Amino acid sequence: MMNTRSVGKVAKYLLIVFAVFALVLLGTELLGKQEEGNLLETYNFSHLNIVELIDSLENDNHTKEVQASISGDTLALSLEGQAYSFDIPNDFFYISFAPYINSTHDCYTHSLTGCQGELTNKDMFISIYDGDGNLIEEKTMNTGDDGFIGLYLDRFENYQIHVSYQALNSQFLVDTSLNQTCFTEERLS
């Protein structure tokens, strides 16, 4: 039979073991958070807002350790196998499209670091119309190294996008109430 003194020693021992275990768990959690932050810093992403992050992922060349895709409401980022998720604000909707002449690929959710369009680093004239056919904006945009052009549009709206390149043209419809962020069927003819 244990006396009160022995019970006290066992309780004290268990308390110390529990405290050490809790500190190890807390340290592991904090170390994991620190490593996450360091990876974002390593790739120079920690200081970017969501628009700057999307633009960097879409337009800058990254190593294959950086993978990113964007849906209507989430930017999914993987750095060296570590997954991150960023909410897309409700005040915009990002699409990316790749006009082409000869070859394309099927796509619905855009891979900012993986999708490759045919026409790279080409200046194209873009006209954006609202659902009623009113011209919203016209500008020249470059397809970049990945052959895609990215646009920030209002959420829950319909648009018609016109693309002109040399003597070739294409147009397509965008419904931002859907989750489609990748448009690759814009054949220039």
Next on the checklist: So, GLN116, is that one of a type in the set (S, T, N, Q), under 19 Å from GLY144 (Cβ atoms) and modelled with pLDDT of 90 or more or not?
Outcome noted: yes
Checklist entry - Which of the residues spanning the stretch 145-185 are surrounded by 19 or more Cβ atoms within 10 Å (Cβ to Cβ) and part of a loop (DSSP other than H, G, I, E, B)? => result ASP146, GLY147, PHE148, THR176, THR181, THR184
Item to check | Which listed residue is closer than 22 Å to LYS64 by Cβ and not aliphatic (A, V, I, L, M), from GLU118, GLU186 | outcome: GLU118
Checklist outcome for this item: The residue from THR176, THR113 that alone is among the polar types (S, T, N, Q) and closer than 17 Å to ASP60 by Cα is THR113
Checklist entry - Tally time: how many residues in the stretch 54-75 are assigned to a helix (DSSP H, G or I) and either of a type in the set (Val, Ile, Thr) or at pLDDT 95 or above (or both)? => result 1
Item to check | Selection from the stretch 124-137 of residues that are surrounded by 12 or more Cβ atoms within 10 Å (Cβ to Cβ) and outside any loop (DSSP other than H, G, I, E, B) | outcome: MET124, PHE125, ILE126, SER127, ILE128, TYR129, ASP130, ILE136
Checklist entry - Since THR140 meets every condition but one in (1) assigned to a loop (DSSP other than H, G, I, E, B); (2) loosely packed, with under 13 Cβ neighbours inside 10 Å; (3) among the β-branched types (Val, Ile, Thr), which condition does it not meet? => result (1)
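So in the stretch 81-93, with the set limited to residues that are part of a strand (DSSP E or B) and small (Gly, Ala, Ser), which one is surrounded by the most Cβ atoms within 10 Å (Cβ to Cβ)? Let's see the steps before the verdict.
Of the stretch 81-93, the ones part of a strand (DSSP E or B) are 82-87, 93.
Of the ones still in play, those that are also small (Gly, Ala, Ser) are 83, 85.
On the way: ALA83: 10, SER85: 8.
My answer is ALA83.
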Next on the checklist: Please verify whether TYR165 is touching an Asp or Glu at 6+ places or on another chain (Cβ under 9 Å), of a type outside the set (A, V, I, L, M) and touching a residue at least 60 places away in the same chain (Cβ under 8 Å), treating the condition exactly as stated.
Outcome noted: yes
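Tell me, yes or no, whether the stretch 30-53 has at least one residue that is closer than 28 Å to ASN158 by Cα and in a strand (DSSP E or B). It would help to see each step written out before you state the result.
If we filter the stretch 30-53 for residues that are closer than 28 Å to ASN158 by Cα, which is where we start, we get 49-53.
Keeping just the survivors that are in a strand (DSSP E or B) gives none.
The answer is no, given that none of the residues of the stretch 30-53 is closer than 28 Å to ASN158 by Cα and in a strand (DSSP E or B).
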Item to check | Selection within the stretch 39-77 - out of contact with any Leu (no Cβ under 7 Å at 6 or more places or on another chain), polar (S, T, N, Q), closer than 24 Å to THR143 by Cα and without any contact (Cβ under 8 Å) to a residue 60 or more places away in the chain | outcome: ASN44, ASN49, THR63, GLN67, THR74
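In the list SER78, SER96, which residue meets the criterion of being touching a His at 6+ places or on another chain (Cβ under 7 Å), surrounded by 12 or more Cβ atoms within 10 Å (Cβ to Cβ), at pLDDT 90 or above and not basic (Lys, Arg)?
SER96
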Item to check | Counted residues, the stretch 122-154 - those being among the hydrophobic types (A, V, I, L, M, F, W, C) and in contact (Cβ under 8 Å) with a residue 40 or more places away in the chain | outcome: 6
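Give the number of residues within the stretch 77-124 that are over 20 Å from the mean Cα position of the chain (by Cα) and acidic (Asp, Glu). Even if it seems obvious, please write down each step before you answer.
Within the stretch 77-124, the subset over 20 Å from the mean Cα position of the chain (by Cα) is 99-104, 118-124.
From what's left, acidic (Asp, Glu): 118, 123.
Final tally of qualifying residues: 2.
The values are calculated or read from the model by the stated rules, or taken from the named source; none is laboratory data. What you see is a predicted model; the values in this text were computed from it and never measured. Positions of Cβ are backbone-derived with ideal geometry, glycine not excepted, and every protein chain shown enters the neighbour counts.
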